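Engineer: Shown below is the structure under consideration.
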Amino acid sequence: EPEVTQTPSHQVTQMGQEVILRCVPISNHLYFYWYRQILGQKVEFLVSFYNNEISEKSEIFDDQFSVERPDGSNFTLKIRSTKLEDSAMYFCASVAESSYNSPLHFGNGTRLTVT
Amino acid sequence: EDQVTQSPEALRLQEGESSSLNCSYTVSGLRGLFWYRQDPGKGPEFLFTLYSAGEEKEKERLKATLTKKESFLHITAPKPEDSATYLCAVVDNFNKFYFGSGTKLNVKP
């Protein structure tokens, strides 16, 4: 069964450094998302992406965040200058078509630790 | 204001002891309600989609139901392998997903 894959599984970085989290969504999916989950808290929406542009973003997704689909398969989340509070699990998700018809399919996440 | 509220936060059951998890929502124009299972260190795994009040879905020991204001995930005769966090999510008219905080289920043998 096709799945969303994320790399790396764990990333440790120093405060102020840039990180890029990578995702390969399911191949025939059209909508892509990044969510984050701070330890013990709820899954929070960051950004959605469709047709090579951001379709929606949350208040969390400020200027230090950016997303890109550099080729036909990868979907990346860049954090330009990491802060301690960026430490969380970051999940990529994709969906085949309009969201209400299909569930989000999640990857297993990247655990980002900012020291 | 929370759009999705799940209760209880945590639930401990003995193996075979049936129970229900609750998900109440306040989004306008509900397009769909989703139940996910999340194991520690993993991404949420899709279980069910419910679209309209009165709808029910079943999978093994799990049964999800939906009313106009809430959904229940019924667990019948649970086993230790059912231990996980169960997440509820709703999608509104703007195709935006809102997640609840989850119910952490622990089934003791």
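Engineer: What is the list of residues in segment A:64-85 whose amide nitrogen lies under 20 Å from a point 7 angstrom out from the Cα of A:E18, following Cα to Cβ?
Structural biologist: A:64-71, A:74-85
Engineer: Taking trypsin sites (Lys or Arg not before Pro) that fall in a DSSP loop and have at most 16 other Cβ atoms within 10 Å as cut points, what is the longest piece of chain B between them?
Structural biologist: Longest run free of exposed loop sites: B:1-41.
Engineer: How about segment A:78-96: which of its residues lose at least 10 Å² of accessible area in the presence of all protein chains relative to their chain isolated, using a 1.4 Å probe?
Structural biologist: A:M89, A:F91
Engineer: So for the pair B:T5, A:Y50, with labels modelled 7 Å out along Cα→Cβ, what separation do we get in nm?
Structural biologist: Here the answer is 3.1 nm between the modelled labels.
Engineer: All other residues with a Cβ under 9 Å from the Cβ of B:S24 taken together, and with Lys, Arg as +1 and Asp, Glu as -1, what is their net charge?
Structural biologist: Net charge in that neighbourhood comes out at 0.
Engineer: Let me ask you something else. Residue by residue through B:33-45, how many Cβ atoms from other chains fall within 10 Å of the Cβ on average?
Structural biologist: Across B:33-45, the average partner-chain Cβ count within 10 Å equals 5.
Engineer: Any idea what the dipole of chain B comes to, in debye rounded to 20, about its Cα centre with Lys/Arg Cβ at +1 and Asp/Glu Cβ at -1?
Structural biologist: 60
Engineer: Excluding same-chain residues fewer than 8 positions from B:K59, which aspartates and glutamates have a Cα within less than 15 Å of its Cα?
Structural biologist: Counting by Cα, and skipping residues close in sequence, B:K59 has these aspartates and glutamates nearby: B:E45, B:E81, B:D82.
Engineer: Return the long-range amide H neighbours of A:S87 (sequence gap of 5 or more, or a different chain), with a cut-off of under 5 Å between placed amide H atoms.
Structural biologist: Placed amide hydrogens put A:V114 under 5 Å from A:S87.
Engineer: While we're here: Testing the spin-label approximation: label points 7 Å from Cα along Cα→Cβ at A:L30 and A:K57. State their distance in nm.
Structural biologist: Label at A:L30, label at A:K57, 2.4 nm between them.
Engineer: Additional query: Could you list the GluC sites (Glu not before Pro) in segment B:52-92 that lie in coil according to DSSP, counting only those with at most 11 other Cβ atoms within 10 Å of their Cβ?
Structural biologist: B:E60
Engineer: Can you give the accessible area per residue of chain B, in Å², using a 1.4 Å probe?
Structural biologist: 49
Engineer: As an exercise, identify the GluC sites (Glu not before Pro) in segment A:1-100 lying in DSSP coil whose Cβ has no more than 16 other Cβ atoms within 10 Å.
Structural biologist: When the GluC sites (Glu not before Pro) of segment A:1-100 are filtered for loop state and at most 16 Cβ neighbours within 10 Å, A:E3, A:E18, A:E59, A:E97 remain.
Engineer: Would you work out which of A:H29, A:L39, A:Q17 lies farthest towards the positive end of the dipole of segment A:13-59? Charges go on Cβ: Lys and Arg +1, Asp and Glu -1.
Structural biologist: Value computed over the given set: A:L39.
Engineer: Less than 26 Å apart at the alpha-carbon level, and either on another chain or at least 8 residues along: which lysines does that give for A:K78?
Structural biologist: Answer for A:K78, where 26 Å is the Cα cut-off: A:K42, A:K57, B:K42, B:K96, listed by chain and number.
Engineer: Over chain A, with every protein chain in place, what whole percent of the accessible area is carbon and sulfur at 1.4 Å, could you tell me?
Structural biologist: About 44 percent, which is the carbon plus sulfur part of the accessible surface.
Engineer: What aspartates and glutamates could a cross-link reach from A:K83, if we take a straight Cα to Cα line under 15 Å and drop same-chain neighbours fewer than 8 places away?
Structural biologist: Partners within reach: A:E18, A:D62, A:D63.
The values are calculated or read from the model by the stated rules, or taken from the named source; none is laboratory data. What you see is a predicted model, and the numbers here were worked out from it, not measured in a lab. As a convention, Cβ positions derive from the backbone with ideal geometry for all residues, glycine included, and neighbour counts pool all protein chains shown. Keep in mind that these areas ignore ligands, DNA and RNA; they rest on the heavy atoms of the full protein, side chains included. Shrake-Rupley method; radii C 1.70, N 1.55, O 1.52, S 1.80 Å.
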